[in-house]
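Right, one structure below, let's go through it.
The values are calculated or read from the model by the stated rules, or taken from the named source; none is laboratory data. Every value quoted in this text rests on a predicted model; they were computed, and no experiment measured them. All Cβ positions, even for glycine, are placed from backbone atoms using ideal geometry, and neighbour counts span all protein chains on display. Calculation scope for accessible area: heavy atoms of the full protein, side chains included, ligands and nucleic acids excluded. Shrake-Rupley method; radii C 1.70, N 1.55, O 1.52, S 1.80 Å.
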Amino acid sequence: MNKHYSRSRREFLRSAGRAGLATAGAAALFGKLGLIQTALAVDAMCPDYPPVTDYRALVCVFLAGGNDSFNLIVPSDSARHAVYAASRDAVALPIDQLLPMDVLGAPPGYQYGLHPSCLEMADIFNNGNGAFVVNTGTLVQPTTKSQYLGGGHPVPPQLFSHADQQAQWQFGQPVANGTVGWGGLVADHLDILNAGSTVPMSISLSGQNRLQAGKLVQPYTLTSNGPTPLIGYNSAFSAPQREALGALLAQGYADPLTRTYAATMNHAVDYYTSITAALADAPPIDTPFPDGNALADALKMIAQVISVREQLGVHRQIFFVTMGGFDTHDDQISDQPGLFSTLSQALGAFHQATGELGISNGVTTFTLSEFARTLNSDGDGTDHAWGGNQFVMGGAVQGQRLYGTPAVSGDIFPDLTLDGPDCLQRGQMIPATSCDQYSATLARWMGVSDCDLAEIFPYLGNFASSDLGFMNPAA
């Protein structure tokens, strides 16, 4: 039997079961209930997931615009900082301003510092709850500078394009088209672990996005103030409206588009009701979150949702929030400190809040960004590049380390010489680690099997490892 056919069939049957079709009507449809069990047993090399009692959540912070992450973490030993400063010129950070990092496992003499605006991130890293995955980006297969310049070597389409690279990071495949994201596919597989839950596994604080789009599970959108109510649905005079809407949604419709719309509306009402009721009884969060920080506001709402996980009946969740402003072609020198301060303060408060809730081991927060920036400056800014550095934090993170694949120059952290062995003429770093390896490591920690990882990330087999090692599977 065709593998993709059998997997799709199994997913349909799972979906049917979750939707309440595994009743007398479903038994009639399939002839006997035993046929469902037989169908689910097909393609046993990707077994079903047993129930879980623990809680795990991924929180994606997408830094939109292309984060200049080679100014986020910087070599601070004198020899390599001199190379960095020569390449970065006007946007280079002085060595005495960098926040010290206690990096475990670094080669002798190698030192690193964080941007001076990242006090909270430095504390998280040095306390063992944060790590960096360095020089990672979209890749079809391992790629060297000579292979890239020689032509004919497969590389991702539309490199250096915001929209295309954002889509590929969120899709989990280095191809131009796609309607789903790796987070959505993870939710498709693991949603069965949330049996009986009253909300979807995926929740977005930034509207619709590619990462959370699944074949079966779609994200529910919140604002920093909570669920957005239907207009007029909860007003003092809304009882007749509610009754009328309920009657309309309960009707049978021949047109599939109308049926889909009715189902979507029903879900919106149910989700709104469930999460509003749960949040009304949420325990107060005493952790102070910074004022005037939109990212912190969104992360505080995520913490509040996590605090009512038992009321919502969830064991696995995926959250998504976007922070913009990182397309720093101009004014990077003046704007970058504020961007990094906003990010660091928000992450620091959220990490503290998960500790207050006693769930820090079950919540992993990670950054994504479509690409880094050129090392070379245009005077007061930088341009689109390729490989960059990502930050991951949480109690399950094996922290205080840098993770990735050694670059051509020999170390995990690449050589920052302009037009050197690891980068192109203007300092576009050629990633040594695929973003799919990074994402797959996170998905595996959530509980996705190796078999299903191969389906979600079909190019993963082109690389030496599907697990970069920064997550503690037992945490």
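Please work out how much length the chain gains when fully extended from Val83 to Cys451, using 0.36 nm per residue of separation minus the C-alpha to C-alpha distance, in nm with one decimal.
128.2 nm
Rg to Rh ratio, the chain, alpha-carbon atoms and Kirkwood radius?
Result for the chain is an Rg/Rh of 1.00.
Please give the per residue accessible area of region 287-440, computed with a probe of 1.4 Å over protein heavy atoms only, in Å².
I get 29 Å² per residue for this part.
Rounded, prolate or oblate: which one fits region 279-334, using the alpha carbon gyration tensor with axes a ≥ b ≥ c (rounded when a/c is under 1.5, else prolate when a/b beats b/c, else oblate)?
Oblate shape, in that a/c is at least 1.5 and b/c is the bigger or equal ratio.
Apply the Karplus curve 6.51 cos²θ - 1.76 cosθ + 1.60, θ = phi - 60°, to the phi angles in region 402-408 and return the couplings in whole Hz, x for Gly and Pro.
Karplus-based 3J(HN,Hα) across region 402-408 equals 9, 10, x, 10, x, 6, 4 Hz.
Just the C-alpha atoms of region 286-433: what Rg/Rh do they give, with Rh taken as the Kirkwood radius? Provide the component values of the computation, followed by the final result.
Details: Rg = 18.1 Å, Rh = 17.4 Å.
Over the Cα atoms of region 286-433, Rg/Rh equals 1.03.
Determine ³J(HN,Hα), in whole Hz, for all residues of region 147-157 in sequence, where each value follows from phi through the Karplus function 6.51 cos²θ - 1.76 cosθ + 1.60 and θ = phi - 60°; x replaces Gly and Pro.
These are the phi-based 3J(HN,Hα) values: 5, 5, 6, x, x, x, 7, x, 10, x, x Hz.
Of the listed peptides 311-322, 401-412, what is their order by residue-averaged count of other C-beta atoms within 10 Å, with the highest listed first?
Taking the mean over residues of other Cβ atoms within 10 Å, the ranking is 311-322, 401-412.
Just add up the charged neighbours of Gly109: K/R +1, D/E -1, any other residue whose Cβ is under 11 Å from the Cβ of Gly109.
0
Can you find, among Gln400, Pro94, Gln437, the residue farthest towards the positive end of the dipole of the chain? Put +1 on the C-beta of Lys and Arg, -1 on that of Asp and Glu.
With unit charges placed on the Cβ atoms, the residue in question is Gln437.
Under a Cβ-Cβ limit of 4.7 Å, which cysteines in the chain have nobody to pair with?
Cysteines lacking a close Cβ partner in the chain: Cys60, Cys118, Cys423, Cys435.
Among 444-457, 173-186, 283-296, what's the highest-first ranking by average C-beta atoms within 10 angstrom per residue?
Put in order of decreasing packing, that is 173-186, 444-457, 283-296.
Determine the gain in length on full extension of the stretch Ala195-Ala475; use 0.36 nm per residue of separation and subtract their C-alpha separation, reporting nm with one decimal.
98.5 nm
Arranged from highest to lowest average of other beta-carbon atoms within 10 Å per residue, in what order do the peptides 342-351, 88-97 appear?
Values: 342-351: 23.5, 88-97: 15.7.
The packing order, highest mean first, is 342-351, 88-97.
Report the net charge of residues surrounding Ala372, where surrounding means a beta-carbon distance below 13 angstrom and charges are Lys +1, Arg +1, Asp -1, Glu -1.
On the way: positive: Arg88, Arg373, Arg426; negative: Asp68, Asp327, Glu370, Asp383, Asp422.
So the surrounding residues net to -2.
Indicate the gyration tensor shape class of region 404-470 (rounded, prolate or oblate), computed on the Cα atoms with a ≥ b ≥ c the square roots of the eigenvalues: a/c under 1.5 is rounded; otherwise a/b larger than b/c is prolate and the rest oblate.
Prolate is the answer for region 404-470, as a/c is 1.5 or above and a/b outweighs b/c.
Of all beta bridges DSSP finds with both residues in the chain, what is the antiparallel percent, to the nearest 5? Could you put the intermediate results ahead of the total?
Numbers: 17 of 40 bridges.
That works out to approximately 45 percent antiparallel.
Once the other residues with Cβ under 14 Å from the Cβ of Leu468 are scored (Lys, Arg +1; Asp, Glu -1), what is the net sum?
Net charge in that neighbourhood comes out at 0.
Quick check: at a probe of 1.4 Å, how many percent of the accessible area of the chain sits on carbon and sulfur atoms?
Summing carbon and sulfur atoms, their accessible area is 55 percent of the total for the chain.
Stretch Asp286-Thr144 to full length: gain in nm at 0.36 nm per residue minus the Cα-Cα span? Walk me through the numbers before you get to the answer.
Details: separation 142, 0.36 × 142 = 51.12 nm, distance 4.93 nm.
Gain on stretching Asp286 to Thr144: 46.2 nm.
Please give the FRET efficiency for Leu104 paired with Asp54, using the beta carbon to beta carbon distance and R0 = 22 Å, rounded to the nearest 0.05.
0.25
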